[in-house]
1. Quickly run through segment C:194-244 and pick out the residues that are open to solvent by 30 Å² or more (accessible area, probe 1.4 Å), within 11 Å of chain A (Cβ to nearest Cβ) and among the β-branched types (Val, Ile, Thr).
2. Do you know which residues across segment B:24-67 are away from chain A (no Cβ under 14 Å) and aliphatic (A, V, I, L, M)?
3. Please go through segment C:51-93 and give me each residue that is open to solvent by 20 Å² or more (accessible area, probe 1.4 Å) and touching a strand residue (DSSP E or B) at 6+ places or on another chain (Cβ under 7 Å), ordered by number.
4. Just for segment B:112-127: of the residues that are crowded, with 17+ Cβ neighbours inside 10 Å and not small (Gly, Ala, Ser), which one is nearest to B:Asp87 (Cα to Cα)?
5. Please tell me if A:Gly170 is surrounded by 22 or more Cβ atoms within 10 Å (Cβ to Cβ), more than 14 Å from chain B (Cβ to nearest Cβ), more than 21 Å from A:Ile53 (Cα to Cα) and small (Gly, Ala, Ser).
6. Just one of the numbered conditions (1) touching a residue at least 24 places away in the same chain (Cβ under 8 Å); (2) out of contact with any strand residue (DSSP E or B) (no Cβ under 7 Å at 6 or more places or on another chain); (3) open to solvent by 40 Å² or more (accessible area, probe 1.4 Å) is not true of A:Val265; which one?
7. Could you check segment C:134-167 and list, in sequence order, the residues that are on the phi > 0 side of the Ramachandran plot and either away from chain A (no Cβ under 13 Å) or of a type in the set (S, T, N, Q) (or both)?
8. Under the condition of being more than 10 Å from chain B (Cβ to nearest Cβ) and within 23 Å of the chain's Cα centre (by Cα), which residue from segment C:104-122 is surrounded by the most Cβ atoms within 10 Å (Cβ to Cβ)?
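The values are calculated or read from the model by the stated rules, or taken from the named source; none is laboratory data. Just so it is clear, the model here is predicted, and its values are computed rather than measured. Here the Cβ positions follow ideal geometry from the backbone for every residue, glycine too, while neighbour counts run over all protein chains shown. Accessible surface is based on the protein model in full, side chains and every heavy atom, while ligands, DNA and RNA are left aside. Shrake-Rupley method; radii C 1.70, N 1.55, O 1.52, S 1.80 Å.
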Amino acid sequence: MSDHNYVPSSKIGKWFNDRLPLLTLADHLKEYPTPKNLNYWWTFGGILTFCLITQIITGIVLGMHYIAHADYAFDSVEHIMRDVNYGWLIRYVHANGASMFFLAVYIHIFRSLYYGSYKSPREVIWIIGMIIYLLMMMTAFMGYVLPWGQMSFWGATVITNLFSAVPFFGEGITNWLWGGYSVDNPTLTRFFSLHYLLPFLILGLVILHIWALHVPGNNNPIGIDLKKPSKDTVPFHPYIVIKDLFALLLFLIVFAFFVFYSPNVLGHSDNYIEANPLVTPAHIVPEWYLLPFYAILRSVPDKLLGVVAMFASIFILIILPWLDTSKIRSAIFRPIYKQLYWILVLDVLILGYMGAMPAEGTYLLIARVATAYYFIHFLVILPLLGKREKTLDVPLSITEPVLGGSPNPQMVKKKEQLS
Amino acid sequence: MSEKKKVERRDFIFTASYALGAVGVGAVVWPLIDQMNPDRSVKALASTEVDISSLEPGKSITVLWRGKPVFIKRRTKDEIEEARNVDIKDLPHPEKDEDRAKDPEWLVMLGICTHLGCVPLGDKGEYNGWFCPCHGSHYDTSGRIRKGPAPTNLEIPKYEFVNSNTIKIG
Amino acid sequence: MKNVIKLFFSIFLCSIFLTNAHSAGEKIDLLKTDWSFKGYLGKFDRGSLQRGYQVYTEVCASCHSMKYLSYRNLSEKGGPEFTEEQAKAIASNFEVTDGPNSDGEMFTRPAKLSDKFVMPYANVEEAKISNGGAYPPDMSVLVKARSGGADYIYSVLLGYEDPPEGMILDDGVYYNKYMYGNKIKMPKQLYEDLVTYNDGTPATPEQMAKDVVTFMAWSAEPHLEARHKIGFRALIYLIILTILVYFSMKKIWSRVESEV
């Protein structure tokens, strides 16, 4: 928090601000010094806030028309699609909004991995972010159950059955999750309740996430600490606001394209068949954003260990700030890490692809290699690399040359690469 | 001069962005509001047909139309007489009985007190019509407000006789 | 600007990737026909929808329900757009059970516009027993419930062939080139001149298949025309606003020495 000395100009403003310093907060947000060299990968924070609010608003609207009952859920969704004024639009925005949300969150996370935004002093921002990500997955999973189509039902069955891998208590836990002996009406109603609740928890965590961000300030592409405010920073408003807005509009074009021209391409056609506990669809796949984890789950031949591996792949990210031992944040100055980073991206994409394929033959083999590499990257490579890697010289400021001396030709070259 | 032109151009871009943005926000807000309006399936149920063949003079039935009670009363000669002999100057909400009942024998009206929406009781009150128990409004045999807090007469819905035995409301 | 393009394309590529990863799987070449409702401003062909409704009632409706359609839908905008009188006349051909009346008994009456399409069977069990154990699926959202959509159903309707040598089919099971697993319990339905179209269109199997699938595509997505129309406007709007905001941004950032 940079500036607590804000005094409102009007008398009423001052009276109010003395009692509740909202105007100070607004001023802080407006003047918040932001590195001026942030590139477009930094606009996804704003885009994600937009996604969350869109999901909450459209979700509340859908909740007005949706009926959380196994006998009526599917019909009520069709009612929304057919009879409710603009119901089709609102539902398609909500359904595709989930995918767009995850698309943005993955870009946001991988931006952080590339520029080392999770490192000291920003560990707490990262951890809160990972909790948000976990909650997002839970919310999305439960949301997908609500239309009560075949994929909803069998997705719910498969995912909740993961917990049956727990020794001794497995059956008790699954029965407790279901409220019965299989996925049924009690499961649906509790998922609806939680699907409604969790986004508000996410919203609260997002506020903490941003708060934690505003303490040390933004990381930036060259990953150095900045003096704030200084020649290296610009006030959040209008510079960052307009830039975020521009990026958001580009994002919205892609979003609108999905909503209006391919609204079902990210879903499964099986989900337009009403849930039937007697027939399993030929090919069960989770939503695309869960596919890498699904691949990890399936590549371990043991039920319990598979579940453990899947959860470990997420929890490993939470301790990432301590796994990566390098003091240098940005990959720009870490030539080896930079290459390994792209290998990791490829690895996750391969995992995602394998998650969509049947778990057999070559697919399974590739998935196993990719799973192994995923863990090796975080658990072996990153801790060792930080100690061994020969990094490049890091400039002291965005605008000033290194160490106040003459402009360093090497650094000038690097700066060109930044843009 | 060129400075001034520059400023104008900048202002134009900002103004245009704001204006277009505002249009977009409006276009997004409308579906979110309109979704709460009655939907197509509700609108499709807007009319009800009622069989009145078994109704004796002096009796009334209450049917549900658009989720609201509708009183259908087959009035006796006396009741019609009473309704028609009122000097409309005495009424808080002057309406002729002839305008309220197309066929004098049949009175069709919404059974909702115009005060705060309770359902009045039949054959009660000081004017032999209806009486609202919530806040004491008295209606006469034509469903007109005579005494009490209600501001207007009981509302007449759109209805027609499909044949001598059937009334279509809505 | 380079950055912007890079960013846009990465989002775009990601979307393409996930779209493909998603629909990856075995693919058979389905029969294709020129659907009028594809494309950015695609609309349904009214004539085809009306003919499709005729095929549905005369051929499919004896086994397949369309429980999410109401008779009023037939006259709604963006659908077959029968006149309201025509739709009322169509509805009055069907008997629906209503009640209880004042005697506490259920009774039948002619259907009204607000009624749902009358179903051929009272329940799933009855449908199964009447069709050799196979449930004829409800057709209201079937186009969306099959990967391949309209093309797939069109292909299945026309995909009946003699089974390959060596394949033994049980009684009441038919070979279909496009059906998942190649076995289908519905016999071939569409034969030359099975229905007589009022508008004089020759009733070839291809024509009937196209018409009825068009009708099903509308039934699965009754607001498709509105979606295309609004979508087209929304995209144009977004592109114009993006350009304006881009120049606003350039203007604002010109105050600091940095590249946006």
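1. Within segment C:194-244, C:Ile230, C:Ile236, C:Ile239, C:Ile240, C:Ile243 qualify.
2. Hits for segment B:24-67 are B:Val50, B:Ile52, B:Leu55, B:Ile61, B:Val63, B:Leu64.
3. Within segment C:51-93, C:Lys67, C:Ser92 qualify.
4. Going through the qualifying residues, I end up with B:Tyr127.
5. Values: surrounded by 22 or more Cβ atoms within 10 Å (Cβ to Cβ): no; more than 14 Å from chain B (Cβ to nearest Cβ): yes; more than 21 Å from A:Ile53 (Cα to Cα): yes; small (Gly, Ala, Ser): yes.
So A:Gly170 does not fit the description; no.
6. Of (1) touching a residue at least 24 places away in the same chain (Cβ under 8 Å); (2) out of contact with any strand residue (DSSP E or B) (no Cβ under 7 Å at 6 or more places or on another chain); (3) open to solvent by 40 Å² or more (accessible area, probe 1.4 Å), only one is false for A:Val265: (1).
7. Result: C:Gly166, single match.
8. Going residue by residue through segment C:104-122, those that are more than 10 Å from chain B (Cβ to nearest Cβ) are C:104-108, C:110-111, C:117-122.
In the following step, the residues that additionally are within 23 Å of the chain's Cα centre (by Cα) were identified as C:117-121.
Details: C:Phe117: 25, C:Val118: 17, C:Met119: 16, C:Pro120: 17, C:Tyr121: 18.
Going through the qualifying residues, I end up with C:Phe117.
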